[in-house]
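I have placed the structure first, in the form of structure tokens, so that the comments after it can refer back to it.
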Amino acid sequence: MSTTTGPSTYTVHNDNAACCTVPAVESDYKPKGTVGPYAGFNSVYMTGHEDSPMALVCVFDIFGIKPQTQLGADILASTLQARVVMPDVFEPHKPWDLSHFPPKTDKEHEDLQRFFGGIAKPQATVPKIERIAEALKKDGAKCLGLYGFCWGGKVAILEGSRKGTLFDAVAITHPAMLKAEDAKHLGIPLGIYPSGDESVDEYKKILNIIEKKPFADKNDHKLYDTMFHGFAAARANLDDPENKKQFEDVYARMANFFKVAFA
């Protein structure tokens, strides 16, 4: 898919058709955290230990703050005894409407393209993540981790590759727009967990790049080739035993990755 913004074309992702076809799933999970203002955002999901020296920032997928992603944040906060925050990076706009996904009409396809080229343009979201990091540092965080899903995975790896990033480690799970070139300038450890719907070739290229980094011993990776794009975020069907099993597995891996990376 590509999005036209003026005379140029913005590439949304490579051959990951699942990103724009797999719908989100309803969930009745009751989050343990709260939603409130923080770092200039009106809506931020906050969970865990406010006084912890360890903090994680979550970049959700295009569906915004959803119960499954909140569950994942609760798991990481509990496992690591950390503070986890999930800012609504789309405000004052709204995340993509579940009732219009997957897009069914030409207009909905066009609207989705404009969404990816506008408020959801990954490069435009990176400064918002920096703002959260600065606030957490001021609030006493000593170790900062960043993780993202689908569209948010692209945002996360871009921030992790930014010179001067305040983050100490970054993890991406079933990332959309997966490109090996995004890993070339990584200066912090990477945890990468694609599903069977992402490009295996790009994944292998990324592994080849990061294994040569000075922090190679702190990287982590696993290909969840039996899972679909979105299995750990808003698209997760936790009533399905296998999805639930792999959901729990990837969060356990992320928790251990951050623990090792922060050591």
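The values are calculated or read from the model by the stated rules, or taken from the named source; none is laboratory data. Everything quoted here is computed from the prediction, not taken from an experiment. Neighbour counts are summed over all protein chains in view; Cβ atoms, including those assigned to glycine, are modelled from backbone coordinates with ideal geometry. Heavy atoms of the whole protein, side chains included, go into the accessibility calculation; ligands, DNA and RNA do not. Shrake-Rupley method; radii C 1.70, N 1.55, O 1.52, S 1.80 Å.
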> What residue, of ILE206, ILE157, ILE192, is under 18 Å from the mean Cα position of the chain (by Cα), in contact (Cβ under 8 Å) with a residue 24 or more places away in the chain, assigned to a strand (DSSP E or B) and on the phi < 0 side of the Ramachandran plot?
Replying inline: ILE192
> Looking at ILE129, ILE210, which is the one that is closer than 21 Å to ALA232 by Cα, at pLDDT 95 or above and not small (Gly, Ala, Ser)?
Replying inline: ILE129
> What tally of residues in the range 230-263 results from selecting those that are over 22 Å from MET54 (Cα atoms) and among the aromatic types (Phe, Trp, Tyr)?
Replying inline: 2
>> Exactly one of these conditions fails for ASP217: (1) touching a residue at least 24 places away in the same chain (Cβ under 8 Å); (2) open to solvent by 10 Å² or more (accessible area, probe 1.4 Å). Give me its number.
In response: (1)
>> Between a residue in the range 25-54 that is without any contact (Cβ under 8 Å) to a residue 24 or more places away in the chain and any residue that is among the aromatic types (Phe, Trp, Tyr), which pairs come within a Cβ distance under 9 Å, given they are 6 or more apart or on different chains?
In response: THR34/TYR45; GLY36/TYR45
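Within the range 178-189, how many residues turn out to be assigned to a loop (DSSP other than H, G, I, E, B) and either under 22 Å from LYS259 (Cβ atoms) or open to solvent by 20 Å² or more (accessible area, probe 1.4 Å) (or both)?
7
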>> I need the full set of residues from the range 52-89 which are closer than 17 Å to ASP168 by Cα and among the hydroxyl-bearing types (Ser, Thr, Tyr), in order please.
In response: SER52
>> So, in the range 38-79, exactly how many residues are of a type in the set (Ser, Thr, Tyr) and under 18 Å from the mean Cα position of the chain (by Cα)?
In response: 4
> Restricting the search to the range 224-263, which residues are of a type in the set (A, V, I, L, M) and open to solvent by 50 Å² or more (accessible area, probe 1.4 Å)?
Replying inline: ALA252, VAL260, ALA263
>> Restricting to the range 195-214, and then to whatever is open to solvent by less than 20 Å² (accessible area, probe 1.4 Å) and out of contact with any Leu (no Cβ under 6 Å at 6 or more places or on another chain), can you tell me which residue is farthest from SER161 (Cα to Cα)?
In response: SER195
> Hey, any hits in the range 169-177 for a residue that's modelled with pLDDT under 95, in a loop (DSSP other than H, G, I, E, B) and buried (at least 23 other Cβ atoms within 10 Å of the Cβ)?
Replying inline: yes
> For the range 35-53, which residues satisfy the criterion of being modelled with pLDDT of 95 or more, open to solvent by 100 Å² or more (accessible area, probe 1.4 Å) and over 24 Å from TRP151 (Cα atoms)?
Replying inline: none
>> Quick test for you: out of LYS94, LYS32, pick the one residue that is in a loop (DSSP other than H, G, I, E, B) and at pLDDT 95 or above.
In response: LYS32
>> Tell me yes or no: at least one residue of the range 244-260 is small (Gly, Ala, Ser), assigned to a helix (DSSP H, G or I) and touching a residue at least 60 places away in the same chain (Cβ under 8 Å).
In response: yes
> Does the range 128-139 hold any residues that are part of a helix (DSSP H, G or I) and open to solvent by 70 Å² or more (accessible area, probe 1.4 Å), and which are they?
Replying inline: ARG131, GLU134, LYS137, LYS138
>> Among the residues of the range 2-15, are any farther than 19 Å from ILE119 by Cα, modelled with pLDDT under 95 and in contact with a Pro (Cβ under 9 Å, 6 or more places away or on another chain)?
In response: no
